[in-house]
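In what follows, a single structure is set out as structure tokens and then discussed.
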Amino acid sequence: MSKTILITGAATGFGRDTAETLALAGHHVFASMRDIAGRNRAHAEALRASGIAVVELDVTNTDSVTHAIAAVLAQTGRIDVLINNAGVAAAGVSEAFTDAQVQSMFDVNVIGVQRTLRGVLPAMRAQNDGLIINVGSILGRVTFPFFGLYGASKFAVEALTDSFRYEVSQLGVEVVLVQPSAYPTNMYAAILQPEDGHRVQAYGEIGTIPGKMFETFMGIFQGENAPNPHDVAVAITALVAQPKGERPERVVVGQAFGADVINDQTQSVQHQVVEGLGLGSLARLANLTAAIAA
């Protein structure tokens, strides 16, 4: 069945590919991005040319989020799926990132998710139905040296996803998480690096490790067995197609680096915690369709 889907950060990378893949699957997709009349104009025009609707949405601006969601609802009357894909990556000596850089990244990766959730949930609650897919990272479960600040933002998305899943489970809304591994996308190519070069230099040889890691990753990305970024679009499209109530809480896409093991171990502990609080019912999606029919 065709669904109305809003996806953030859809100009390039995972977002663009996912928008196009979902549209090919027959869904009514709204690809959102910043500055559609400026730097993203070519991307917006290309998406429109392929029959995909484009909407201006800056996840760091509450008014922009509100207006974008209102525009979609004005055209369709509902939003069935929100895909929180917009994100900024960062890697380098953690001490050398300025406060402003970290604040900017968290504004996109964490607060941006909160903004879009606040924007779309009133409509989903009113229709007693909805699916939210947050795009996290395996680095929200395991930590690579020099990727800790980015990982911290994705650890935060893990907590947001779990809490929202419980809080809206009885209101007809399902919340799941996709955890991609490293893939050759524009996000990786445009990775944020620390501005405080003096602090990087103070680390001596250790400060050169991030550059060597980039070289290793780029070698993998350009190799014969390079990971295919389309894996993420396929995984998200499969989640959208799955019946309500049967979707997994998390899906790892690509090389897991142990994130899948941590997912399995954490899930049972997390469920015990919620049961121990006397809130076990929140861990199970309510069957509102049956309740309304009764």
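The values are calculated or read from the model by the stated rules, or taken from the named source; none is laboratory data. In this text the structure is predicted, and so the values were computed from the model without any measurement. Backbone-built Cβ (ideal geometry, glycine too); neighbour counts: all protein chains shown.
Restricting attention to region 124-147, the residues being assigned to a helix (DSSP H, G or I) and buried (at least 18 other Cβ atoms within 10 Å of the Cβ) number 4. Regarding residue 18, is this residue surrounded by fewer than 20 Cβ atoms within 10 Å (Cβ to Cβ) and not acidic (Asp, Glu)? So residue 18 does not fit the description; no. Scanning region 182-212 for residues that are among the hydroxyl-bearing types (Ser, Thr, Tyr) and either exposed (fewer than 14 other Cβ atoms within 10 Å of the Cβ) or at pLDDT 95 or above (or both) yields 203, 208. Out of 173, 168, 232, one residue alone is touching a Gly at 6+ places or on another chain (Cβ under 7 Å) and surrounded by 13 or more Cβ atoms within 10 Å (Cβ to Cβ). It is 173.
For the condition under 21 Å from residue 132 (Cα atoms) and either touching a strand residue (DSSP E or B) at 6+ places or on another chain (Cβ under 6 Å) or free of Cβ contacts under 8 Å to residues at least 24 places away in the same chain (or both), what is the one hit in 272, 267? Residue meeting the stated conditions: 267.
For region 2-15, filtering for residues that are surrounded by 24 or more Cβ atoms within 10 Å (Cβ to Cβ) and farther than 11 Å from residue 47 by Cβ leaves 5.
If I ask for residues that are in a helix (DSSP H, G or I) and on the phi > 0 side of the Ramachandran plot, which ones from region 10-68 would you list? Write out each step before concluding.
Here is the first cut: in region 10-68, the residues in a helix (DSSP H, G or I) are 13-24, 41-49, 62-68.
Passing the criteria: only 13.
Once region 21-51 is narrowed to residues that are of a type in the set (Ser, Thr, Tyr) and surrounded by fewer than 20 Cβ atoms within 10 Å (Cβ to Cβ), the residue that is modelled with the lowest pLDDT is 50. The residues in region 110-150 that are touching a strand residue (DSSP E or B) at 6+ places or on another chain (Cβ under 8 Å), farther than 18 Å from residue 162 by Cα and among the hydroxyl-bearing types (Ser, Thr, Tyr) can be counted, and the count is 1. Residue 121 meets each of the listed conditions (1) touching a Gly at 6+ places or on another chain (Cβ under 6 Å); (2) buried (at least 18 other Cβ atoms within 10 Å of the Cβ); (3) closer than 20 Å to residue 5 by Cβ apart from (1). Looking at (1) surrounded by fewer than 20 Cβ atoms within 10 Å (Cβ to Cβ); (2) under 27 Å from residue 17 (Cβ atoms), find the lone condition where residue 83 falls short. Looking at each condition in turn, residue 83 falls short on (1). In the set (1) farther than 20 Å from residue 258 by Cβ; (2) in a helix (DSSP H, G or I), residue 158 fails one condition alone, (1).
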